[in-house]
Amino acid sequence: MITVQKEHLTRQMDIIPLAALNTRVTIIGAGAIGSFTAFALAKMGYNDIHVFDFDTVSIENMNAQMFRFSDIGKSKVDSLKEIIKDFADTDITAQNKKYENEIFQDIVICAVDNMETRKDVYNAHKNMPYITRLFVDPRMAIEYAYIQAFDPNDKAQCDLYEKTLFTDDEAVQERCTNKSTIYTSQLIGATIAKIVKDITTKKKYINRIMWDIAGNDVMSVTSIG
């Protein structure tokens, strides 16, 4: 529970009241997007963060994920828990397991890297009134980002989102050397943190955003709330 003794939060209290920080946030996936999102939210003071991932840290994760070289071979969620404790003095709940159709309350961030799991998470949280109030789906390539955030109890928003749920076979398969950059994962993590701040403080929030910084294209943004 956050209290006013958390003096490191005093410079943001006008925009993020302490009461907002008690919201439960569940992040499924602790990779490039999930690790930086969890880190940002913890630094902001959110204190009920749950992260699911069954993977271990590998050398290939070092360029764009929030891990230390000393974490290689260790559980991603357990390593992330240690890092966030050191940097934000926050204890996240680390779930070292695969997502299996659990239903989570408040805010759900589906930071996974395949469409099958993304569909499973979405279907479990669709039409669950008074349980999940925001579903966030971020996706990335090396210099491309896409985020959709919406109320999974709103049929019109669900209909729009379902049009983006193509199959893994239909997805563009990038070369393994053309997958991720830290600046893209940090941009996405920071944007999700802003969305969470807005929804928990009852402000208008970004509903859909995409950008392609490889070609310096103008960002496309829509907002609701």
>> Restricting to DSSP H runs of at least four residues, report the calculated mean residue ellipticity at 222 nm for the chain, -39500 (n - 2.57) per run over all residues, nearest 500 deg cm²/dmol.
In response: -9000 deg cm²/dmol
>> For D106, what residues show an amide H to amide H distance below 5 Å, using hydrogens built from the backbone and excluding near sequence neighbours?
In response: T132, R133
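Can I get the semi-axes of the stretch 30-120's equivalent ellipsoid? Compute them from the C-alpha gyration tensor as square roots of 5 times the eigenvalues, in angstrom, largest first.
After scaling each eigenvalue by five and taking roots: 19, 17, 11 Å.
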>> Run the simple label-point estimate for D154 and Y130 please: 7 Å along Cα→C-beta, distance reported in nm.
In response: 2.1 nm
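Let's test the formula: R0 of 22 Å, r as the Cβ-Cβ distance of T201 and D89. What FRET efficiency results, to the nearest 0.05?
Working: r = 22 Å, r/R0 = 1.01.
It comes to 0.50.
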> Along the positive direction of the dipole of the stretch 1-129 (beta-carbon charges: Lys, Arg +1; Asp, Glu -1; about the Cα centre), which of N127, I103, F52 reaches farthest?
Replying inline: N127
> What are the lysines whose alpha-carbon lies under 27 Å from the alpha-carbon of K119, with same-chain residues fewer than 8 places away excluded?
Replying inline: K76, K81, K97, K98, K155, K163, K179, K194, K197, K204
>> Using the Cα centre of the chain as origin and beta-carbon charges of +1 (Lys, Arg) and -1 (Asp, Glu), tell me which of I195, S220, S79 is placed farthest towards the positive end of the dipole.
In response: I195
> In nm, to one decimal, how far is the S58 label point from the I103 one, both placed 7 Å along Cα→Cβ?
Replying inline: 3.5 nm
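If you place +1 on the Cβ of every Lys and Arg, -1 on the Cβ of every Asp and Glu, and leave all else neutral, what size is the dipole of the stretch 1-82 about its Cα centre, to the nearest 20 Debye? Spell out each step's value before the answer.
Details: 8 positive and 9 negative charges, 32 e Å.
Dipole magnitude for the stretch 1-82 comes out near 160 debye.
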>> Under a crude label model (7 Å from the Cα following the beta-carbon direction), how far is K194 from E82 in nanometres?
In response: 3.3 nm
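In debye to the nearest 20, how big a dipole does the chain give about its Cα centre with +1 on each Lys and Arg Cβ and -1 on each Asp and Glu Cβ?
Numbers: 26 positive and 31 negative charges, 127 e Å.
The dipole of the chain has a size of about 600 debye.
Carbon and sulfur together cover what percent of the accessible area of the chain at a 1.4 Å probe radius?
Details: 5950 of 11410 Å².
About 52 percent, which is the carbon plus sulfur part of the accessible surface.
With every protein chain kept in place and ligands, DNA and RNA left out, what is the accessible area per residue of the chain? Probe 1.4 Å, answer in Å². Don't skip to the end; give the middle numbers.
Details: 11410 Å² over 225 residues.
For the chain, the per-residue accessible area is 51 Å².
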>> Can you give the FRET efficiency to the nearest 0.05 for K163 and Q12, using r as the Cβ-Cβ distance and R₀ = 35 Å?
In response: 0.45
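The values are calculated or read from the model by the stated rules, or taken from the named source; none is laboratory data. The model shown is predicted, which means the values in this text are computed figures rather than measured ones. Positions of Cβ are backbone-derived with ideal geometry, glycine not excepted, and every protein chain shown enters the neighbour counts. These area figures cover heavy atoms from the full protein model, side chains too; ligands, DNA and RNA do not enter into them. Shrake-Rupley method; radii C 1.70, N 1.55, O 1.52, S 1.80 Å.
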